[in-house]
Amino acid sequence: MKKLNIVVLSIILTGLFFCQSCKKEETFDQESSDTELQNGLLKSDNLDYSDGTIALGKKLENPYSIENMQIAYDNLKQKRSDFKPEFQVKTSHLYVRFLPRDEKELDLLKQDTTLELFDYPLDYEIEKGGTYYYDPLLPKDQITWQYCAVKSEYHFPAIRYEILSELFIPEEIEEKTSDEKTIENIYDLVTEALIITDNLDAEDNSDSTKRYSLWNPSGTIKVWDDIKNQHIALRGAKVRARRWYTVKTNYTNSSGYFKTGQFRRKVNYSIKWERFKYDIRNGTWGQAYYNGPKKRGSWTLNISSGESLRYATIHRAAYRYHYRNIGGLKRPNVWSKLKYCYYHREPWFGNYSGMNWGNLDFTGVFPDIQIFGKVNGYWVNTNELFSTTIHETGHASHIALMNAGEIQFLQVSKIIYESWAEAIEWYITKIEYNELGVSNYDNPDIYINGDNKQWWNSSYSHDYTPLFIDLVDTYNQSLNKGVQPTNKCPNGGTFDGCHCHIGTPPSGESAFIYSDNFYYTPVGCCNCPLTGSEYDGANCKVMDIPVNSIGFIWHNKWYLHPAGNSNYPYDQVSGYTMHSIESFLKHVYGLSSLQSKLKANKPSRMTDKHLDIYLNYFFNL
């Protein structure tokens, strides 16, 4: 594995982190989607969207400040005799910002489900949507300010914060009353506050006395997929509708549809790429967003290109692993929220598209998972980005599986932890695309360089192998890949186009295998008429099955499996499941302990010899 020297030095100095895994790219397709699909993105409601930093405009005067709300209240009392509300202007919320020192403090904030955090201030115009924001006045290696509104009685944690403004948000009173007069008074008060602070929207300016009815922000979010060659529904994405300091959220369903709580006026739509169990970053520090339009109406979004296509695809994989069907495998339930850091560029340490730096983060310095969008000059396809995310998340799950976590994981050999991550990548990505209707996804004869690793041979990395995949699948790559030997039956028999036929017992007698030898039942008491066979006191022994070959009985005939290309693993092992392997994986540290556990947990029809022949390939690498 390639590591940057400065990172290695940091690891040595802290003694708290280790670089535990990399996902190496083997093949890449030419980039096509980013330019060709840009029009598809622009056809949805994203006219102010672009990659890069969120661009803030002018600072807005705060209509919800106690001062401005009181002025608006007094104005209405003077101008209108019918304005006699049963409420008074008083502090209901605080507009605050937090400045976490490190990732531990940021995680603490994000665990508070009463907070809806923003990396950018809420009292500025947004000139350009962008995908992240970082306060330009802060050092680049520091977490940026986190903005939100909290209730006035909020108990602040021991994290640096500033109260920017005391707020009165009367809409919360409206949500708790059905009195029409109170609702009218609240609407008029907010309108007056918007007028005196010059924040009334353009459509309101035409008729400031108009009262808008309640409406629910809603819409449909889809994302492009290279395998399906179309936009597909984006599940589980957190969509936010914000009107000044009031934020209402919901998650997209299986159709990509969402619907939030009610508002009256326009809202700012956005996606925050996070869930309770994970967080997607722009690079190392910046929270990843999709900032959509400000409007009063539904939002239709087709994410087709750029950074946002990658965030959405990483979200698909993370959401699958953490919340959806993964075939009974263990979830990556680590002690803190997993951080997926996406870099919209090539890596600086080689041709790796993903890195997992472990979860032992006492310092709050390093990201858990790094994912790169471009390798060897090509943008990674969406299915490859998906599978890379699964691969790296698999390492986090593997660590959580171990009894002593990272300490025990340090003892695991690289061929074990990388090959297990390759198997998880193959297994879960296949589930994803099978559920999307791609029934032949990762078929070894269709997806030549697929996640199945059946193209892998001894000329490739000896760590990223199909070691665990081969225990589950039924495909013998030694017989299907590369140049096949001219003599398919070097250990005897006649090749019948599929296997090596050794012979057939006399009529009426039964062929069988005992102690890895071919036998048949004797004719009469003890007659063994086949040439070369001999009576052993009970049955007729035909021959020893060669030590490097596997015999079997079919239609009462003796057979040997044929020879294949010796550069590929000879995979006659099957019957294991990913779940069954995971159940004893925490006891596996290298090939020897794996061999022992496989033999102790072998499925029916598998023998120790099946396992020995297969694993000898890896022992001899």
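The values are calculated or read from the model by the stated rules, or taken from the named source; none is laboratory data. These numbers come from a predicted model, not from an experiment. So basically every Cβ, Gly included, is an ideal-geometry build from the backbone, and we count neighbours across all protein chains shown. Calculation scope for accessible area: heavy atoms of the full protein, side chains included, ligands and nucleic acids excluded. Shrake-Rupley method; radii C 1.70, N 1.55, O 1.52, S 1.80 Å.
So the values come out like this:
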| read-out | value |
| --- | --- |
| Checking Tyr212 against (1) hydroxyl-bearing (Ser, Thr, Tyr); (2) within 20 Å of Ala149 (Cα to Cα); (3) not in a strand (DSSP E or B), the condition it does not meet | (2) |
| Hits in segment 127-159 - residues which are in a strand (DSSP E or B) and open to solvent by 50 Å² or more (accessible area, probe 1.4 Å) | Glu127, Lys128, Tyr132, Lys151 |
| Boolean, Asp179 is open to solvent by less than 50 Å² (accessible area, probe 1.4 Å), more than 20 Å from Thr300 (Cα to Cα) and not polar (S, T, N, Q) | no |
| Leu585 being closer than 13 Å to Ile416 by Cβ and either at pLDDT 95 or above or of a type in the set (A, V, I, L, M) (or both) | yes |
| Segment 573-607 - residue that is among the basic types (Lys, Arg) and over 28 Å from the mean Cα position of the chain (by Cα) and, of those, surrounded by the fewest Cβ atoms within 10 Å (Cβ to Cβ) | Arg605 |
| Tally of residues being charged (D, E, K, R) and closer than 23 Å to Phe468 by Cβ across segment 534-584 | 2 |
| Output for segment 340-360, where each listed residue is open to solvent by less than 20 Å² (accessible area, probe 1.4 Å) and either acidic (Asp, Glu) or at pLDDT 60 or above (or both) | Tyr340, Cys341, Tyr342, Pro347, Phe349, Tyr352, Ser353, Gly354, Met355, Asn356 |
| Among the candidates Glu406, Glu435, Glu418, Glu425, residue that is among the acidic types (Asp, Glu) and in contact with a His (Cβ under 6 Å, 6 or more places away or on another chain) | Glu425 |
| Selection count, segment 474-499, where residues are on the phi < 0 side of the Ramachandran plot, open to solvent by 40 Å² or more (accessible area, probe 1.4 Å) and in a loop (DSSP other than H, G, I, E, B) | 12 |
| Single match in Glu274, Glu307 (criterion: within 15 Å of Thr131 (Cα to Cα), among the charged types (D, E, K, R) and in contact with a helix residue (DSSP H, G or I) (Cβ under 9 Å, 6 or more places away or on another chain)) | Glu274 |
| Residues of segment 233-257 classified as part of a strand (DSSP E or B) and open to solvent by less than 10 Å² (accessible area, probe 1.4 Å), total | 3 |
| Options Ile371, Ile399, Ile390, Ile407: the member that is part of a helix (DSSP H, G or I) and at pLDDT 90 or above | Ile390 |
| Segment 280-299, subset surrounded by fewer than 18 Cβ atoms within 10 Å (Cβ to Cβ) and more than 21 Å from Glu127 (Cα to Cα), residue modelled with the highest pLDDT | Gly283 |
| Number of positions in segment 287-306 that are more than 18 Å from the chain's Cα centre (by Cα), part of a strand (DSSP E or B) and not aromatic (Phe, Trp, Tyr) | 8 |
| Checking Gly261 against (1) open to solvent by less than 10 Å² (accessible area, probe 1.4 Å); (2) modelled with pLDDT of 95 or more, the condition it does not meet | (1) |
| Condition met for Asn548 (open to solvent by 50 Å² or more (accessible area, probe 1.4 Å), under 17 Å from Gly564 (Cβ atoms) and touching a helix residue (DSSP H, G or I) at 6+ places or on another chain (Cβ under 9 Å)) | yes |
| Members of segment 471-506 found to be touching a Ser or Thr at 6+ places or on another chain (Cβ under 9 Å), polar (S, T, N, Q) and closer than 21 Å to Phe518 by Cα, listed by number | Asn491 |
| Residue tally, condition of a type in the set (A, V, I, L, M, F, W, C) and assigned to a loop (DSSP other than H, G, I, E, B), over segment 45-95 | 6 |
| Residue match in segment 558-565 (condition: more than 28 Å from Trp426 (Cα to Cα) and either in a loop (DSSP other than H, G, I, E, B) or open to solvent by 60 Å² or more (accessible area, probe 1.4 Å) (or both)) | no |
| Residue in segment 457-473 that is among the aromatic types (Phe, Trp, Tyr), part of a loop (DSSP other than H, G, I, E, B) and crowded, with 19+ Cβ neighbours inside 10 Å present | yes |
| Which listed residue is in contact with a Pro (Cβ under 8 Å, 6 or more places away or on another chain), of a type outside the set (Asp, Glu) and over 24 Å from Gly377 (Cβ atoms), from Ser336, Ser298 | Ser298 |
| Residues of segment 567-613 that turn out to be hydrophobic (A, V, I, L, M, F, W, C), touching a helix residue (DSSP H, G or I) at 6+ places or on another chain (Cβ under 6 Å) and assigned to a loop (DSSP other than H, G, I, E, B), as a count | 2 |
| Any hit, segment 300-317, residues being surrounded by fewer than 22 Cβ atoms within 10 Å (Cβ to Cβ) and among the basic types (Lys, Arg) | no |
| Among (1) within 17 Å of the chain's Cα centre (by Cα); (2) small (Gly, Ala, Ser); (3) farther than 30 Å from Leu138 by Cβ, the one test that Gly283 misses | (3) |
| Residue satisfying all of: in segment 438-449; free of Cβ contacts under 8 Å to residues at least 12 places away in the same chain and not hydroxyl-bearing (Ser, Thr, Tyr); surrounded by the most Cβ atoms within 10 Å (Cβ to Cβ) among these | Asn443 |
| Test: residue in segment 429-445 that is closer than 30 Å to Phe518 by Cβ, of a type in the set (S, T, N, Q) and outside any helix (DSSP H, G or I) | no |
| Which listed residue, of Leu108, Leu117, Leu99, is at pLDDT 95 or above and either open to solvent by 50 Å² or more (accessible area, probe 1.4 Å) or in contact with a Cys (Cβ under 6 Å, 6 or more places away or on another chain) (or both) | Leu117 |
| Where Ile424 falls short, out of the listed (1) open to solvent by 40 Å² or more (accessible area, probe 1.4 Å); (2) closer than 30 Å to Arg235 by Cβ; (3) of a type outside the set (D, E, K, R); (4) in contact with a Ser or Thr (Cβ under 8 Å, 6 or more places away or on another chain) | (1) |
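Each row is one residue, and each column tells you yes or no for (1) closer than 25 Å to Lys58 by Cβ; (2) touching a residue at least 60 places away in the same chain (Cβ under 8 Å).
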position: Tyr95; (1), (2): yes, yes
position: Leu109; (1), (2): no, no
position: Asp123; (1), (2): yes, yes
position: Gly130; (1), (2): yes, yes
position: Thr144; (1), (2): yes, yes
position: Ser152; (1), (2): no, yes
position: Ile159; (1), (2): no, yes
position: Leu164; (1), (2): yes, yes
